[in-house]
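Read-outs: derived from the displayed coordinates by stated rules, not from any lab. No experiment lies behind these values; they were computed from the predicted model shown. For neighbour counting, all protein chains shown are included, and Cβ atoms are generated from backbone atoms with ideal geometry for every residue, glycine included.
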Amino acid sequence: MIHKINEALKYYSYKRQGIMDYINSKDDLTVEEIIENAEELSILEYKITALQVALEN
């Protein structure tokens, strides 16, 4: 089970980094794009936090 949690953490961290790189590389993002990406980041952060808590327990 721990292996699966670690794999999920790697996946979500990779997705988070991809979104961060995308946001940081663009100078012309619209408000809608910023909001959409922020929502995705928020969801990923929630999942990452939940998985980290699961690892601790």
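In region 28-57, the residues that are under 23 Å from residue 2 (Cβ atoms) form Cβ pairs under 8 Å with partners that are of a type in the set (Lys, Arg), at six or more places apart or across chains, as follows: 44/15; 44/16; 45/16; 48/16.
Annotation note: of 38, 8, the sole residue that is surrounded by 14 or more Cβ atoms within 10 Å (Cβ to Cβ) and of a type outside the set (D, E, K, R) is 8. Looking at region 24-33, is at least one residue in contact with a helix residue (DSSP H, G or I) (Cβ under 9 Å, 6 or more places away or on another chain) and basic (Lys, Arg)? There is at least one residue in region 24-33 that is in contact with a helix residue (DSSP H, G or I) (Cβ under 9 Å, 6 or more places away or on another chain) and basic (Lys, Arg). Considering region 15-34 alone, what residues qualify as being part of a helix (DSSP H, G or I) and surrounded by 11 or more Cβ atoms within 10 Å (Cβ to Cβ)? Of everything in region 15-34, those that are part of a helix (DSSP H, G or I) and surrounded by 11 or more Cβ atoms within 10 Å (Cβ to Cβ) turn out to be 15, 16, 17, 18, 19, 20, 22, 23, 33, 34.
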